[in-house]
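Novice: Dropping a structure here in structure tokens format, bear with me for questions.
The values are calculated or read from the model by the stated rules, or taken from the named source; none is laboratory data. What you see is a predicted model, and the numbers here were worked out from it, not measured in a lab. Glycine gets a Cβ as well: all are built from the backbone with ideal geometry, and neighbour counts include every protein chain shown.
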Amino acid sequence: MIDNTTFGTRTALFHTFGCKLNFAETSTVAKLFADRGIRRVQTGETPDVCVINTCSVTEFADKKCRQYIRSLHKRYPEATIIVTGCYAQLKSEEVASISGVKIVAGVDQKLELGQILDEWITNHQPQTIVTPTKSIRRFLPSCSRGDRTRYFLKVQDGCDYFCTYCTIPMARGRSRSGTIDEIVAQAQQVVADGGKEIVITGVNIGDFGKGRDDSFFDLIKALDDVDGIERYRISSIEPNLLSDEIIKFVAQSKRFMPHFHIPLQCGSDDVLKLMHRHYDTALFRHKIETIRTTIPDAFIGVDLIVGARGETPERFEESRAFVESLDISRLHVFTYSERPGTKALGISYTVAPQEKHRRTRIMLDISEKKLLDFSNRFIGISRPILVEHTQRGKTMNGFTDNYLKVVIDADKSLENKIASAQLIDIIDNGEAIKGEIIK
């Protein structure tokens, strides 16, 4: 253990790439460092330690991580650079070879970084500590406060689906989750910290409890009973794991918001088969229609991959038509990126880069129209918003229960409170709505 009397003045810089899960884990690492007397670096200070929690979802993500690590070393040549996360797990030797990197830690070592740093301070020996992915079994609990007012609560990690385009099972390991008692205790701590909203996160959260007798449905029922939390949001959940039972529960819950994020990935059944997805378009349509029937005002975000191997022009047109036919609120569009070691590389048909760009633009245009149409449904009415902390300027932001961003005049007394807002007009090219607080 580092002696706080000699190490207490040390500072650490934390930087996170990728998913909300990574942000939750970085927050937990920062707390572990704080217990050792290592505080977050402040503006103008030079960090003694730099921790980079990486992503490897695309080749571009790898590139961004490499560039950032190199820029940190150039800026802070004396700092101890620690790299963890999916890029470190998948390409540990490559990461270790980057100038300035002293410690490379795999995904299951994040909560061990305090002890690993202790060892570095003692012997100054560079380390690469990466458990083979197939051997990762431990669930690492994490909860973080976002930049706004939301907390991100990790309930599950890893994935057993092995979709042909995806490296996550190779980076994160097999599906595993915390216990309901553990997760509820963390939610209760958020209440104690003054938190009002929790986003439930994981790699495949619908798989919660796999190998046990409990399920994701059991978890959300238990969380719904935690007094003090006013809002829960379910982050991305696979359509085949989003049961009608869950949808009906959200519809009657006072704490679970009318907001769903569901990965489609492609609107062509042929491509879904090539991707080894666990559903078809008929099931996906059923889920969207069930939500709309049960919770008409719900925000429905949908993930979509464009330009995947096997997406011929005819299959892209099928996907485009299917997406346009859905009553959804927004698309999150990702351009397909080749990943080493994935089974998708065995699919012969490829899409040219310029065609990927064209298709991506088409889907983004559809998304913009969907969001504008959805937002316009609520102009002239009032919705409850959770007001975020003030930023510089004369306005504040908040999100409605159904996840519409609302901009209001700044009023510090409203921070982290739920208030009723009249929705007046679409602004920021459809990305937000001008609102007025009803007093």
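Novice: What residue, among those in segment 427-439 that are out of contact with any strand residue (DSSP E or B) (no Cβ under 6 Å at 6 or more places or on another chain) and more than 13 Å from P384 (Cα to Cα), is modelled with the highest pLDDT?
Specialist: Applying the filter and picking the extreme gives E431.
Novice: Identify, from the list T16, T43, the residue that is among the polar types (S, T, N, Q), assigned by TED's automatic domain parsing to the domain that holds V104 and touching a residue at least 12 places away in the same chain (Cβ under 8 Å).
Specialist: On inspection, the qualifying residue turns out to be T16.
Novice: Could you look through segment 389-420, keep only residues that are outside any loop (DSSP other than H, G, I, E, B) and polar (S, T, N, Q), and pick out the one that is surrounded by the most Cβ atoms within 10 Å (Cβ to Cβ)?
Specialist: Selected residue: T400.
Novice: Only residues that are surrounded by fewer than 18 Cβ atoms within 10 Å (Cβ to Cβ) and assigned to a helix (DSSP H, G or I): list them for segment 31-44, please.
Specialist: K31, L32, A34, D35
Novice: Hey, another quick one. Working only within segment 195-253, note down all residues that are of a type outside the set (A, V, I, L, M, F, W, C), within 18 Å of the chain's Cα centre (by Cα) and not in a loop (DSSP other than H, G, I, E, B).
Specialist: E197, T201, G206, D207, R231, Y232, R233
Novice: Looking only at segment 352-377, which residues are within 16 Å of V271 (Cβ to Cβ) and either among the acidic types (D, E) or in contact with an Asp or Glu (Cβ under 6 Å, 6 or more places away or on another chain) (or both)?
Specialist: Scanning segment 352-377 gives a single hit, E355.
Novice: Working carefully through the options Y87, Y76, Y68, find the one that is of a type outside the set (K, R), over 18 Å from C143 (Cβ atoms), crowded, with 23+ Cβ neighbours inside 10 Å and in the same structural domain as T122 (by TED's automatic domain parsing).
Specialist: On the way: Y76 fails: crowded, with 23+ Cβ neighbours inside 10 Å; Y68 fails: crowded, with 23+ Cβ neighbours inside 10 Å.
Only one candidate qualifies: Y87.
Novice: Still on this structure: Quick one: would you say K110 is touching a residue at least 24 places away in the same chain (Cβ under 8 Å), farther than 18 Å from T16 by Cβ and either surrounded by 19 or more Cβ atoms within 10 Å (Cβ to Cβ) or in contact with a helix residue (DSSP H, G or I) (Cβ under 7 Å, 6 or more places away or on another chain) (or both)?
Specialist: No.
Novice: Quick one: how many residues across segment 156-194 are among the acidic types (D, E) and either outside any loop (DSSP other than H, G, I, E, B) or buried (at least 22 other Cβ atoms within 10 Å of the Cβ) (or both)?
Specialist: Residues in segment 156-194 being among the acidic types (D, E) and either outside any loop (DSSP other than H, G, I, E, B) or buried (at least 22 other Cβ atoms within 10 Å of the Cβ) (or both): 3 in total.
Novice: For segment 421-438, check the following and say yes or no: at least one residue is surrounded by fewer than 15 Cβ atoms within 10 Å (Cβ to Cβ), out of contact with any Lys or Arg (no Cβ under 8 Å at 6 or more places or on another chain) and hydrophobic (A, V, I, L, M, F, W, C).
Specialist: The answer is yes; a qualifying residue exists.
Novice: Among the residues of segment 374-388, which ones are loosely packed, with under 13 Cβ neighbours inside 10 Å and of a type outside the set (G, A, S)?
Specialist: I381, the sole residue that qualifies.
Novice: In the list T133, T128, T149, T167, which residue meets the criterion of being modelled with pLDDT of 90 or more and polar (S, T, N, Q)?
Specialist: From the options T133, T128, T149, T167, the qualifying one is T128.
Novice: Test of understanding: among P77, P47, which residue is over 30 Å from I305 (Cα atoms), in contact with a strand residue (DSSP E or B) (Cβ under 6 Å, 6 or more places away or on another chain) and part of a loop (DSSP other than H, G, I, E, B)?
Specialist: Every option except P47 fails the conditions.
Novice: Looking only at segment 139-152, decide whether some residue is β-branched (V, I, T), surrounded by fewer than 20 Cβ atoms within 10 Å (Cβ to Cβ) and either out of contact with any His (no Cβ under 8 Å at 6 or more places or on another chain) or over 22 Å from E238 (Cβ atoms) (or both).
Specialist: No; the residues of segment 139-152 include none that is β-branched (V, I, T), surrounded by fewer than 20 Cβ atoms within 10 Å (Cβ to Cβ) and either out of contact with any His (no Cβ under 8 Å at 6 or more places or on another chain) or over 22 Å from E238 (Cβ atoms) (or both).
Novice: Scan segment 376-415 for residues that are within 23 Å of the chain's Cα centre (by Cα) and under 30 Å from R320 (Cβ atoms) and report the count.
Specialist: Summing the residues that are within 23 Å of the chain's Cα centre (by Cα) and under 30 Å from R320 (Cβ atoms) in segment 376-415 gives 6.
Novice: For L241, are the conditions met, namely being assigned by TED's automatic domain parsing to the domain that holds C163, closer than 24 Å to G158 by Cα and crowded, with 20+ Cβ neighbours inside 10 Å?
Specialist: Taking the combined requirement at face value, the residue does not satisfy it.
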